[in-house]
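Colleague: The structure follows.
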2 protein chains.
Amino acid sequence: MRRLYLLLFLGVIILFPFKVFSQSDGDMLKNIFDDALTNGHSYEMLDYLSNKIGGRLSGSPEAAAAVEWSRQKMTQLGFDTVFLQEVMVPHWVRGKKEVVRVINSERYGAFELAACALGNSVGTGDQGIVANILEVDGIEALKKLGKKNVEGKVVFFNRPMDPTHISTFEAYSGAVDQRVYGASEAASLGALAVVVRSMASNDDDIPHTGTLIYKDGVKQIPAFAISTNSANLLSKSIKSQAGLKLYIEAHCEMLPDVLSYNVIGEIRGLENPDEYIVVGGHLDSWDLGDGAHDDGAGCVQAIETLRILKNIGYRPKHSIRAVMFMNEENGLRGGLKYAQWVKENNERHHAAIESDRGGFTPKGFTMTGSEEAYNQLVGWKPLFEPYGIYDFGQSGGGADIGPLEEQGTALFGFLPDSQRYFNLHHTTADTFDKIDKRELELGAASMAALVYLIDKYGINGKN
Amino acid sequence: MRRLYLLLFLGVIILFPFKVFSQSDGDMLKNIFDDALTNGHSYEMLDYLSNKIGGRLSGSPEAAAAVEWSRQKMTQLGFDTVFLQEVMVPHWVRGKKEVVRVINSERYGAFELAACALGNSVGTGDQGIVANILEVDGIEALKKLGKKNVEGKVVFFNRPMDPTHISTFEAYSGAVDQRVYGASEAASLGALAVVVRSMASNDDDIPHTGTLIYKDGVKQIPAFAISTNSANLLSKSIKSQAGLKLYIEAHCEMLPDVLSYNVIGEIRGLENPDEYIVVGGHLDSWDLGDGAHDDGAGCVQAIETLRILKNIGYRPKHSIRAVMFMNEENGLRGGLKYAQWVKENNERHHAAIESDRGGFTPKGFTMTGSEEAYNQLVGWKPLFEPYGIYDFGQSGGGADIGPLEEQGTALFGFLPDSQRYFNLHHTTADTFDKIDKRELELGAASMAALVYLIDKYGINGKN
């Protein structure tokens with residue numbers, strides 16, 4: 001029955017694609033984009049969040065400032081309800097500057113590599129660690145070498161992101177296991193520490209941090225990222241000289257959990273106020289830059305989505321929520337808490353949209369949900385094409401909204417151009433000066449447009 | 001007859017879109033993109049052209065260096081033929097820094113505006129000009145005011161680019177008449193000089209130069225651009241105080257024409273060596289930045305197109321030419337000369353592709369040519385979609401290749417993302433650090449892919 005219905009539905013899309021929306025929707029999207037491009041607040045908001053507050057790792061004073069800033073901002077914008085949702089978050093601190101130094105190069109003597117500790121890493125203690133280096137191109141290669149070759153060494157994971165992927169996120173997915181799981185895999189074979197080639201699309205001197213996950217029951221060893229240039233140099237040095245040794249030093253530590261918050265702003269629905277559409281980003285960022293693209297952009301675009309709909313006088317049927325999730329980067333506590341809270345309160349969530357791929361020119365949306373929902377999204381494509389937005393084919397959602405999936409919420413991921421993202425992701429280079437105002441505004445508008453369409457037509461998700 | 005054929009052809013495209021290319025074309029495009037992303041030379045070439053040579057206005061020593069650099073570069077890359085084509089170009093020089101100063105503000109006293117002379121402008125002489133300011137929102141408004149209101153004044157053209165256009169080029173087209181024709185229109189009503197709001201998408205302190213065209217028989221008066229922030233401030237000042245006066249000073253002049261060159265590199269065709277496909281950019285740039293996006297990017301992408309095809313072992317049927325046109329910015333002499341030369345030599349040119357919209361992420365191609373050629377281009381769209389390239393609907397070509405149209409050459413314009421272009425176009429901000437390596441490489445690959453398809457299938461142009 002359902003399958004037959006689906007086939008009929010698909011037939012309608014193919015033969016009469018313009019039946020799935022009306023002329024007035026085109027006018028509404030024009031209003032939305034015009035408002036974003038002429039009255040936009042997103043750039044100004046992100047300037048404040050990035051330049052006045054700055055990097056805001058979970059548990060930091062800056063994260064607390066970001067919570068209070070977004071609460072005030074959404075209140076000032078006149079959203080119907082603004083509230084905080086308590087969540088305990090991990091509190092990792094980097095401590096003083098890390099050192100990764102080659103100490104016995106026959107050619108150069110001692111030289112420093114551009115390095116930073118990975119997020120959640122333990123420190124080395126003040127005395128640091130000296131050990132021989134073992135270069136591998138990934139976890140599988142490491143396992144093949146076995147304990148006798150690994151024990152007592154610093155393992156250097158050096159598989160680059162594959163540049164031939166057009167989506168840099170695919171290249172990232174193909175390499176990031178080294179950063180996330182490398183430390184525990186190496187520790188289980190007796191390694192003293194790991195050094196990981198930065199997850200970067202380009203060759204430069206900037207190390208990229210990012211979370212690692214320690215496996216339960218395995219010794220926690222220090223873990224570092226080094227820049228791609230440093231990785232290339234280190235690899236070349238290893239090949240030309242046996243017995244190369246590193247000195248490494250880091251002072252990071254995990255402190256007790258801290259009370260923090262998801263920050264939620266809401267426009268009340270007219271017809272179904274107890275049914276929700278969520279749009280969100282994560283408020284925490286890494287400590288190295290100011291988190292402008294990751295994910296200040298997503299936060300201000302979520303706020304901007306509600307501001308635009310309100311400003312153009314759209315009265316939604318369902319309640320629309322902007323959610324600033326806390327602790328995406330090193331714990332996902334905010335996303336988990338929100339989904340648990342939704343479940344406990346038996347709140348029906350039709351759809352959730354997350355922006356967490358940077359504030360670049362919009363290209364489309366990814367989706368995770370039912371076939372009907374997917375076909376609905378594809379049916380709206382002609383409405384987005386005048387704005388240069390064409391890509392509705394890929395599956396995906398977002399880390400923070402992922403936990404809502406089990407409740408049947410249709411999940412959408414905002415998909416901007418990805419070419420520049422992994423030049424700055426999780427680094428000192430993720431700063432507000434890398435934001436283009438129009439790109440940011442177009443992204444916010446595309447999110448507002450999708451919220452509008454979902455609100456008007458509903459979404460044939462699983463619930 | 002032709003119409004019937006066209007309908008049948010369209011039918012084929014709609015019902016069997018995959019009939020217009022083969023599986024092996026998909027593999028070839030993959031080879032092309034992989035080569036650009038792994039062996040690419042475009043970024044390194046552009047680094048040299050931008051940072052070692054720098055801004056290269058027609059007639060300047062830097063333009064001569066750029067000619068010699070591109071000749072050497074294409075020779076080193078082993079193209080079958082590399083040659084120079086003589087062309088006399090205008091030689092405009094800016095002279096010492098311009099001044100645009102409000103001299104009698106009741107609020108601020110005297111203050112400077114961020115300004116530069118427009119390209120081809122005459123100077124003011126050492127004594128400068130002092131005059132009252134008249135603000136207008138365009139040429140039509142100016143004409144309505146008439147001679148009695150304009151005479152003896154400095155006309156301030158202040159109509160902004162419309163931010164609601166998604167393509168910033170459309171916004172540019174809607175405002176640039178003020179810069180190109182404003183001076184002569186104002187002069188014909190007795191104005192002493194003009195000041196034009198910069199053609200910019202953003203609000204900042206950077207003035208944008210660009211060419212003006214003096215009308216024959218009308219007095220040539222000095223013309224300046226001021227930054228968008230300065231334009232906003234000046235407009236506000238004019239509204240709050242009657243009789244506001246400007247002091248303006250510029251030392252630019254037009255010197256005698258200089259011998260320069262188009263630089264041409266060629267891979268000889270196997271089957272039809274006397275029939276051509278051209279890919280090009282313009283080698284000259286404005287003097288203020290280093291011309292990385294405008295149009296160093298287009299030049300290195302043209303060279304890179306031939307390098308890629310050669311490197312992957314593709315042997316073209318037709319001869320493929322990379323043409324670095326000289327003097328696009330303030331005369332178009334190179335483009336006119338090339339077309340004239342092609343005509344004199346009776347060379348058949350099937351297609352020409354120009355990259356002159358910056359080195360950003362590729363979105364598609366514009367086209368000017370026959371309906372058949374347009375349908376061919378659209379038929380190839382599925383081959384480009386895996387690379388995020390979707391936009392094949394708009395008409396257009398490029399300034400330098402425009403003169404080939406009368407010979408029936410199908411004209412294609414490389415269409416990258418346009419959001420950031422008019423933040424830097426014709427300014428001190430158009431520098432190599434604004435180039436993203438992957439974006440540049442993807443553009444080059446998309447041009448090589450189009451050349452390959454045109455070479456393989458021919459193009460049903462007018463000739």
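The values are calculated or read from the model by the stated rules, or taken from the named source; none is laboratory data. Here the structure is a predicted model, which means the values were calculated and not measured. A quick note on method: Cβ atoms are made from the backbone with ideal geometry, for glycine too, and the neighbour counts reach across all protein chains shown. With ligands, DNA and RNA removed, areas are computed over all heavy atoms of the protein, side chains included. Shrake-Rupley method; radii C 1.70, N 1.55, O 1.52, S 1.80 Å.
Colleague: Determine whether segment B:45-59 contains at least one residue that is at pLDDT 95 or above and within 14 Å of chain A (Cβ to nearest Cβ). Give the steps one after another, and end with the answer.
Modeller: If we filter segment B:45-59 for residues that are at pLDDT 95 or above, which is where we start, we get B:45-59.
Filter once more, so that each one left must be within 14 Å of chain A (Cβ to nearest Cβ): B:47.
Taking every residue of segment B:45-59 in turn, at least one turns out to be at pLDDT 95 or above and within 14 Å of chain A (Cβ to nearest Cβ).
Colleague: Quick check: is even one residue across segment A:449-457 at pLDDT 95 or above, surrounded by fewer than 24 Cβ atoms within 10 Å (Cβ to Cβ), touching a helix residue (DSSP H, G or I) at 6+ places or on another chain (Cβ under 9 Å) and acidic (Asp, Glu)?
Modeller: no
Colleague: What are the pairs with Cβ atoms under 9 angstrom where one residue, in segment A:136-153, is within 18 Å of A:LYS239 (Cβ to Cβ) and assigned by TED's automatic domain parsing to the domain that holds A:ASP177 and the other, located anywhere, is loosely packed, with under 13 Cβ neighbours inside 10 Å and of a type in the set (Lys, Arg)? Sequence gap at least six, or different chains.
Modeller: A:VAL136/A:LYS144
Colleague: Next question. Please verify whether A:PHE325 is open to solvent by less than 10 Å² (accessible area, probe 1.4 Å) and at negative phi, treating the condition exactly as stated. Break it down stepwise before answering.
Modeller: On the way: open to solvent by less than 10 Å² (accessible area, probe 1.4 Å): yes; at negative phi: yes.
Judged against the criteria, A:PHE325 is a match.
Colleague: Report, by residue number, each residue of segment A:197-230 that is part of a loop (DSSP other than H, G, I, E, B) and of a type in the set (Lys, Arg). Talk me through it step by step, then tell me what you get.
Modeller: Let us first name the residues in segment A:197-230 that are part of a loop (DSSP other than H, G, I, E, B), namely A:198-210, A:212-222, A:227.
Of everything in segment A:197-230, those that are part of a loop (DSSP other than H, G, I, E, B) and of a type in the set (Lys, Arg) turn out to be A:LYS215, A:LYS219.
Colleague: Answer with yes or no whether B:TYR276 is surrounded by 23 or more Cβ atoms within 10 Å (Cβ to Cβ), hydroxyl-bearing (Ser, Thr, Tyr), in the same structural domain as B:GLY398 (by TED's automatic domain parsing) and farther than 12 Å from B:CYS299 by Cβ. Even if it seems obvious, please write down each step before you answer.
Modeller: Details: surrounded by 23 or more Cβ atoms within 10 Å (Cβ to Cβ): no; hydroxyl-bearing (Ser, Thr, Tyr): yes; in the same structural domain as B:GLY398 (by TED's automatic domain parsing): yes; farther than 12 Å from B:CYS299 by Cβ: yes.
Considered against the rule, which asks whether it is surrounded by 23 or more Cβ atoms within 10 Å (Cβ to Cβ), hydroxyl-bearing (Ser, Thr, Tyr), in the same structural domain as B:GLY398 (by TED's automatic domain parsing) and farther than 12 Å from B:CYS299 by Cβ, B:TYR276 comes out as no.
Colleague: Is segment A:199-206 home to any residue that is among the hydroxyl-bearing types (Ser, Thr, Tyr) and crowded, with 21+ Cβ neighbours inside 10 Å? If you could, list the steps in order and put the result at the bottom.
Modeller: Restricting attention to segment A:199-206, the residues satisfying the condition of being among the hydroxyl-bearing types (Ser, Thr, Tyr) are A:201.
Retained after the next criterion (residues that are crowded, with 21+ Cβ neighbours inside 10 Å): A:201.
Looking for residues that are among the hydroxyl-bearing types (Ser, Thr, Tyr) and crowded, with 21+ Cβ neighbours inside 10 Å, one finds at least one in segment A:199-206, hence yes.
Colleague: Could you list, in sequence order, all residues of segment B:103-121 that are part of a loop (DSSP other than H, G, I, E, B) and hydrophobic (A, V, I, L, M, F, W, C)? Outline the logic, then answer.
Modeller: Going residue by residue through segment B:103-121, those that are part of a loop (DSSP other than H, G, I, E, B) are B:106-108, B:113-114, B:118, B:120-121.
Across segment B:103-121, the qualifying residues are B:LEU113, B:ALA114, B:LEU118.
Colleague: Still on this structure, I have one more. Among the residues of segment B:145-170, write down those that are within 14 Å of another protein chain (Cβ to nearest Cβ) and not aliphatic (A, V, I, L, M).
Modeller: The initial filter retains those residues of segment B:145-170 that are within 14 Å of another protein chain (Cβ to nearest Cβ), namely B:160-170.
Answer for segment B:145-170, where residues must be within 14 Å of another protein chain (Cβ to nearest Cβ) and not aliphatic (A, V, I, L, M): B:PRO160, B:ASP162, B:PRO163, B:THR164, B:HIS165, B:SER167, B:THR168, B:PHE169, B:GLU170.
Colleague: Which residue pairs have Cβ atoms under 8 Å apart, sit 6 or more places apart or on different chains, and have a first residue in segment A:379-391 that is within 12 Å of B:GLY393 (Cβ to Cβ) and at the interface with chain B (Cβ under 7 Å from one of its Cβ atoms) and a second that is open to solvent by less than 40 Å² (accessible area, probe 1.4 Å) and of a type in the set (Asp, Glu)?
Modeller: Here the result reads A:GLY388/B:ASP391; A:GLY388/B:ASP417; A:TYR390/B:ASP391, each pair linking segment A:379-391 to a residue that is open to solvent by less than 40 Å² (accessible area, probe 1.4 Å) and of a type in the set (Asp, Glu).
Colleague: I've got another one for you. If you go through segment A:21-70 one residue at a time, how many are closer than 13 Å to A:VAL263 by Cβ and over 21 Å from the mean Cα position of the chain (by Cα)?
Modeller: 1
Colleague: A further question on this structure: Within segment B:227-277, which residues are charged (D, E, K, R) and touching a Ser or Thr at 6+ places or on another chain (Cβ under 6 Å)?
Modeller: Here is the first cut: in segment B:227-277, the residues charged (D, E, K, R) are B:236, B:239, B:245, B:249, B:253, B:257, B:266, B:268, B:271, B:274-275.
Within segment B:227-277, B:GLU249, B:GLU266, B:ARG268 meet the criteria.
Colleague: Quickly run through segment A:377-396 and pick out the residues that are of a type in the set (D, E, K, R) and either in a helix (DSSP H, G or I) or at positive phi (or both). Break it down stepwise before answering.
Modeller: Residues of segment A:377-396 of a type in the set (D, E, K, R): A:381, A:385, A:391.
Answer for segment A:377-396, where residues must be of a type in the set (D, E, K, R) and either in a helix (DSSP H, G or I) or at positive phi (or both): A:LYS381, A:GLU385.
Colleague: When the residues of segment B:406-463 are filtered to those that are of a type in the set (Asp, Glu), part of a helix (DSSP H, G or I) and within 14 Å of chain A (Cβ to nearest Cβ), which remaining residue is nearest to B:PRO207 (Cα to Cα)? Lay out the reasoning, then the answer.
Modeller: Filtering segment B:406-463 for residues of a type in the set (Asp, Glu) gives B:406, B:417, B:430, B:433, B:436, B:439, B:441, B:455.
Still in the running and part of a helix (DSSP H, G or I): B:406, B:433, B:439, B:441, B:455.
Applying the additional criterion that residues be within 14 Å of chain A (Cβ to nearest Cβ) yields B:433, B:439, B:441.
Working: B:ASP433: 19, B:GLU439: 26, B:GLU441: 29 Å.
Per the stated criteria, the residue is B:ASP433.
Colleague: Is one or more of the residues making up segment B:91-102 charged (D, E, K, R) and either assigned to a helix (DSSP H, G or I) or within 21 Å of the chain's Cα centre (by Cα) (or both)? Steps first, please.
Modeller: As a first pass, look at segment B:91-102 and keep what is charged (D, E, K, R): B:94, B:96-98, B:101.
Next, only the ones that are either assigned to a helix (DSSP H, G or I) or within 21 Å of the chain's Cα centre (by Cα) (or both) stay: B:94.
Looking for residues that are charged (D, E, K, R) and either assigned to a helix (DSSP H, G or I) or within 21 Å of the chain's Cα centre (by Cα) (or both), one finds at least one in segment B:91-102, hence yes.
Colleague: Here is a follow-up. What about A:ALA399, is it within 14 Å of chain B (Cβ to nearest Cβ), surrounded by fewer than 24 Cβ atoms within 10 Å (Cβ to Cβ), part of a loop (DSSP other than H, G, I, E, B) and touching a helix residue (DSSP H, G or I) at 6+ places or on another chain (Cβ under 9 Å)? Please lay out each step first, then the result.
Modeller: On the way: within 14 Å of chain B (Cβ to nearest Cβ): no; surrounded by fewer than 24 Cβ atoms within 10 Å (Cβ to Cβ): yes; part of a loop (DSSP other than H, G, I, E, B): yes; touching a helix residue (DSSP H, G or I) at 6+ places or on another chain (Cβ under 9 Å): yes.
Considered against the rule, which asks whether it is within 14 Å of chain B (Cβ to nearest Cβ), surrounded by fewer than 24 Cβ atoms within 10 Å (Cβ to Cβ), part of a loop (DSSP other than H, G, I, E, B) and touching a helix residue (DSSP H, G or I) at 6+ places or on another chain (Cβ under 9 Å), A:ALA399 comes out as no.
Colleague: From the list A:LEU189, A:LEU234, which one is away from chain B (no Cβ under 14 Å) and not in a loop (DSSP other than H, G, I, E, B)?
Modeller: On the way: A:LEU189 fails: not in a loop (DSSP other than H, G, I, E, B).
Only one candidate qualifies: A:LEU234.
Colleague: Now for a separate question. May I ask you to verify whether A:ALA110 is open to solvent by 50 Å² or more (accessible area, probe 1.4 Å) and not assigned by TED's automatic domain parsing to the domain that holds A:LEU46? Spell out the reasoning first.
Modeller: Values: open to solvent by 50 Å² or more (accessible area, probe 1.4 Å): yes; not assigned by TED's automatic domain parsing to the domain that holds A:LEU46: yes.
When the stated conditions are applied, A:ALA110 passes them.
Colleague: How many residues are open to solvent by 10 Å² or more (accessible area, probe 1.4 Å) and either of a type in the set (A, V, I, L, M) or outside the structural domain of A:SER70 (by TED's automatic domain parsing) (or both) if we restrict to segment A:328-366?
Modeller: The number of residues fulfilling the criteria is 2.
Colleague: I'd like the full set of residues that are farther than 11 Å from A:ASP284 by Cα and either in a helix (DSSP H, G or I) or open to solvent by less than 60 Å² (accessible area, probe 1.4 Å) (or both), limited to segment A:62-80. Talk me through it step by step, then tell me what you get.
Modeller: The first filter runs over segment A:62-80 and keeps only residues farther than 11 Å from A:ASP284 by Cα, leaving A:68-80.
Correct list: A:GLU68, A:TRP69, A:SER70, A:ARG71, A:GLN72, A:LYS73, A:MET74, A:THR75, A:GLN76, A:LEU77, A:GLY78, A:PHE79.
Colleague: Working only within segment A:83-116, note down all residues that are within 23 Å of A:ASP294 (Cα to Cα) and among the aliphatic types (A, V, I, L, M).
Modeller: A:LEU84, A:VAL87, A:MET88, A:VAL89, A:VAL93, A:ALA114, A:ALA115 - these are the residues of segment A:83-116 that are within 23 Å of A:ASP294 (Cα to Cα) and among the aliphatic types (A, V, I, L, M).
Colleague: Return yes or no: is B:LYS239 open to solvent by 30 Å² or more (accessible area, probe 1.4 Å) and in a helix (DSSP H, G or I)?
Modeller: On the way: open to solvent by 30 Å² or more (accessible area, probe 1.4 Å): yes; in a helix (DSSP H, G or I): yes.
So B:LYS239 passes the test.
Colleague: Here's another thing I want to ask about it. Can you tell me which residues in segment A:302-318 are closer than 13 Å to A:GLU44 by Cβ and either assigned to a loop (DSSP other than H, G, I, E, B) or in contact with a Ser or Thr (Cβ under 8 Å, 6 or more places away or on another chain) (or both)?
Modeller: Of the residues in segment A:302-318, the ones closer than 13 Å to A:GLU44 by Cβ are A:303-304, A:307.
A:ILE303, A:GLU304, listed by residue number.
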